[in-house]
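Heads up, the thing below is written out as structure tokens.
The values are calculated or read from the model by the stated rules, or taken from the named source; none is laboratory data. None of the values given here were measured: they were computed from a predicted structure. Cβ: placed from backbone, ideal geometry, glycine included. Neighbour counts: every protein chain shown.
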Amino acid sequence: MSEVKAYAASSKTAELEPLNIERRDITKEDVEIDILYCGVCHSDIHTVKNDWKNSQYPVVPGHEIIGRVTKVGDNVKNFKEGDLVGVGCMVDSCQTCDSCKEDLEQYCENGATYTYNSEDKHLGGYTFGGYSEKVVVDKKFVLSVPENLDIKAVAPLLCAGITTFSPLNHWNVKKGDKVGVIGLGGLGHMGIKFAHAMGAHVVMITTSPGKSGDAKKLGADEVLISKDEEEMKKHANSFDFLLNTVPVGHDVNPYIGLLKRDATMVLVGAIEPLDPIHGGGLIASRKTIAGSLIGGIKETQEMLDFCGKHDIVSDVEMIDIQNINDAYERVQKSDVKYRFVIDMKSLKES
Ligand code: NAP
Ligand code: ZN
């Protein structure tokens, strides 16, 4: 085992601070990665604050990891020392259930092992994420990163990217569809970029009028302020698809009103109770509300290759790890353009 530097929260009210953690020695199947960059996802904050009531402390967050391979096990043939790689939200799954066999490890029927706050099957205790110098991951959960992209801006693709790409893909969003992306944060800004690249007519649906200019630069054709009831009425029954990234429980009924007959709104943000839903809003025009969790490893690689081909990366604000607590404050105020990424040099040199 080796000891590496990390940043951790020791309780739901504590700030993140330095902590040394253990990483396992590589097995034959493992890849050891020196972490260069790690994105800051709102899920990191939910976990630190125990919003989902399952946090195990200390929590070392981080599941948007970019790094270079430093060592590989004997059975690893597709990666070698020096390769640029990514690790997202999962580091293992059973590989035998129907979901795993269909490349949907995120829905593993025996429970996927998440990059942080999951039972660690190798060392005992709980997994530690990417706010650290190194990580050791089973080869099946390591992604190849196209070298032509700006790599610090690739980090958020590992979670924000796949979480928005996967539902757009699964629900067959296509050229000419009217697609609404609700919430312009880390996930939302990637949702706009992907829907635009897929040829959709993209409407950014936001609570923040000040983000309109940015939304258009990111690829939105229109901006709809969700608090403006008159504007909402003008768009009633007109959307082919809605991607809802709002990070808290909320009233989804106004958004249901925006969907066309037979159209679907996919929730990816609110992993908690919603306000009551009026059945009539769904029944009257055969509308659907669905949910979606990240994406499988195969689809994550497809997403990265799509980004390589279409030159898509995140819009990032770089920070040193020492400023992580301020970054969390800003994310909670919806004040980030549009993803914080930690330059891990700041941890190594601290
Ligand atoms: P984020 O950067 O904080 O963005 C969320 C955006 O939602 C905000 O910028 C804001 O946009 C809007 N918003 C915030 N509070 C709102 C409210 N009370 N009502 C309406 N809109 C509100 O968060 P993120 O990193 O994109 O993550 C979004 C959510 O997805 C989090 O809950 C995260 O845990 C979850 N998540 C889920 C998955 C999955 O697999 N399903 C994966 C990753 C993350 P405007 O200013 O434009 O309104
Ligand atoms: Zn995430």
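Okay, here's what the table says:
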read-out: Selection from the stretch 217-251 of residues that are among the aliphatic types (A, V, I, L, M) and assigned to a strand (DSSP E or B); value: V223, L224, I225, L242, L243
read-out: Among the residues listed as G280, G249, G295, the single one being small (G, A, S), at pLDDT 95 or above and farther than 25 Å from V331 by Cα; value: G280
read-out: Residues that are buried (at least 18 other Cβ atoms within 10 Å of the Cβ) and basic (K, R), drawn from the stretch 7-31; value: R23
read-out: Subset tally (residues that are in contact with a Leu (Cβ under 9 Å, 6 or more places away or on another chain), within 11 Å of ligand 1 (Cβ to nearest atom) and part of a helix (DSSP H, G or I)) for the stretch 252-274; value: 1
read-out: Unique residue being surrounded by 24 or more Cβ atoms within 10 Å (Cβ to Cβ) and either of a type in the set (G, A, S) or in contact (Cβ under 8 Å) with a residue 12 or more places away in the chain (or both) when the list is V173, V203; value: V203
read-out: Residues of the stretch 260-279 that turn out to be within 18 Å of G188 (Cα to Cα) and surrounded by 20 or more Cβ atoms within 10 Å (Cβ to Cβ), as a count; value: 5
read-out: Identity of the residue in the stretch 277-299, part of a loop (DSSP other than H, G, I, E, B) and free of Cβ contacts under 8 Å to residues at least 40 places away in the same chain, that ends up nearest to W171 (Cα to Cα); value: K287
read-out: Breaking point among (1) farther than 26 Å from K53 by Cβ; (2) surrounded by 17 or more Cβ atoms within 10 Å (Cβ to Cβ), for L282; value: (2)
read-out: Condition met for G39 (within 16 Å of ligand 1 (Cβ to nearest atom), small (G, A, S) and in contact with a Lys or Arg (Cβ under 8 Å, 6 or more places away or on another chain)); value: yes
read-out: Failed condition for C89, given (1) out of contact with any helix residue (DSSP H, G or I) (no Cβ under 7 Å at 6 or more places or on another chain); (2) over 18 Å from K121 (Cβ atoms); (3) within 16 Å of ligand 2 (Cβ to nearest atom); value: (2)
read-out: Subset of the stretch 63-109 [β-branched (V, I, T) and over 29 Å from A153 (Cα atoms)]; value: T96
read-out: Residues of the stretch 324-350 satisfying the condition of being away from ligand 1 (no atom under 16 Å from the Cβ) and modelled with pLDDT of 95 or more; value: D343, M344, K345, S346, L347
read-out: Residue tally, condition out of contact with any His (no Cβ under 7 Å at 6 or more places or on another chain) and under 21 Å from A197 (Cβ atoms), over the stretch 221-264; value: 11
read-out: Count of residues meeting criterion [more than 16 Å from ligand 1 (Cβ to nearest atom) and either touching an Asp or Glu at 6+ places or on another chain (Cβ under 8 Å) or touching a residue at least 60 places away in the same chain (Cβ under 8 Å) (or both)] in the stretch 48-57; value: 1
read-out: Within the stretch 148-188, tally of residues that are of a type outside the set (S, T, N, Q), within 15 Å of ligand 1 (Cβ to nearest atom) and under 20 Å from L258 (Cα atoms); value: 9
read-out: Single residue of Y7, Y107, Y116 found to be away from ligand 1 (no atom under 16 Å from the Cβ), on the phi < 0 side of the Ramachandran plot and of a type in the set (F, W, Y); value: Y7
read-out: Options I66, I45: the member that is in contact (Cβ under 8 Å) with a residue 60 or more places away in the chain, away from ligand 1 (no atom under 16 Å from the Cβ) and not aromatic (F, W, Y); value: I66
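Residue-by-condition table, conditions (1) among the acidic types (D, E); (2) in a loop (DSSP other than H, G, I, E, B); (3) within 14 Å of ligand 2 (Cβ to nearest atom):
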{"residue": "P156", "(1), (2), (3)": "no, no, yes"}
{"residue": "T164", "(1), (2), (3)": "no, no, yes"}
{"residue": "L168", "(1), (2), (3)": "no, no, no"}
{"residue": "K175", "(1), (2), (3)": "no, yes, no"}
{"residue": "G191", "(1), (2), (3)": "no, no, yes"}
{"residue": "V203", "(1), (2), (3)": "no, no, no"}
{"residue": "G210", "(1), (2), (3)": "no, no, no"}
{"residue": "A215", "(1), (2), (3)": "no, no, no"}
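A quick yes/no check of all residues on (1) in a loop (DSSP other than H, G, I, E, B); (2) within 16 Å of ligand 2 (Cβ to nearest atom); (3) in contact with a strand residue (DSSP E or B) (Cβ under 7 Å, 6 or more places away or on another chain); (4) modelled with pLDDT of 95 or more:
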site: M303; (1), (2), (3), (4): no, yes, no, yes
site: I312; (1), (2), (3), (4): yes, no, no, yes
site: E317; (1), (2), (3), (4): no, no, yes, yes
site: Q322; (1), (2), (3), (4): no, no, no, yes
